[in-house]
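Contents: one structure, followed by commentary.
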Amino acid sequence: MVPLQALIFDVDGTLADTEGAHLAAFNQAFASAGLPWRWDESLYVRLLDVSGGKERMAHYLAHHVLRSDAKAPGDITDITDIKPDFDALHAIKTTAYTQQMRAGALALRPGIEAILAAAHQAGLRLAIATTTTESNIDALLRPRLGPDWSQRFEVIEHAGTAPRKKPDPQVYHQTLQRLGLAATECLAIEDSANGLQAARGAGIATIITPNPFTAHHNFEGALRILPSLQDTVIADLHRWHADAGR
Ligand code: XBP
Ligand code: MG
């Protein structure tokens, strides 16, 4: 039996229900760039199948805008010349998102703060493996966990360090490497099918806490599917981890 050494947390949808705020920030960026794009929640739920904000916008352009049948009847706009500068657009989106997060309205998901504190107390090592942009993590966690939040996490991997986005396992491989641990010594906590696939792709047993944007995802292969970590204690994590090793 390999003892549990570390917990690796996803960010968006896992530490907090952030996708609604990401959606608002995308739409703010489109408006300020003068782009006739507006994403509603049902479309965004589908677009979330593509990890990464820039990748999601490029996917939208290719599959929802440039497709000729996507045009409204009589719409004579020559869509072929819509080539947004995705880097610039994503920078506007990230500013809009971080402003929302720094305003502090959004709470961490139930049980997250308690499990982080209990894990630290129990000597479990903590890491973050996310697809999102680095500045988004600070904007989310600084107002909620304090200015020294990053000291709680030994390793923080994000879009800047792992450009191949989930479901590619790169971000988890790199997290394991920097922790110096085997996949079997860790548990991952995720909210989405892409996240589950990425963690499983690196061989890590994964606990899923779905949210309204991901509840319909296929979570086959998950170690546990829980509504949240609210009722989870460290002993549960050790037990489930031991089960995974059997
Ligand atoms: C989820 C994502 C992110 C966010 C948007 O990240 O796919 O891309 O939706 O953030 P996580 P960016 O792995 O934490 O669930 O616009 O910064 O990409
Ligand atoms: Mg997520």
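The values are calculated or read from the model by the stated rules, or taken from the named source; none is laboratory data. None of the values given here were measured: they were computed from a predicted structure. Heads up, the Cβs are rebuilt from the backbone with ideal geometry, glycines too, and the neighbour counts pull from every protein chain shown.
Odds and ends about this structure:
- Counting the residues of segment 151-175 that are surrounded by fewer than 24 Cβ atoms within 10 Å (Cβ to Cβ), in contact with a Gly (Cβ under 9 Å, 6 or more places away or on another chain) and either within 27 Å of R246 (Cβ to Cβ) or hydroxyl-bearing (S, T, Y) (or both) gives 3.
- Helices (runs of 4 or more DSSP H) within segment 156-246 that include 2 or more residues within 15 Å of ligand 2 (Cβ to nearest atom) and at pLDDT 95 or above: 170-179, 193-201
- Count of residues meeting criterion [within 12 Å of ligand 2 (Cβ to nearest atom) and crowded, with 22+ Cβ neighbours inside 10 Å] in segment 12-36: 6
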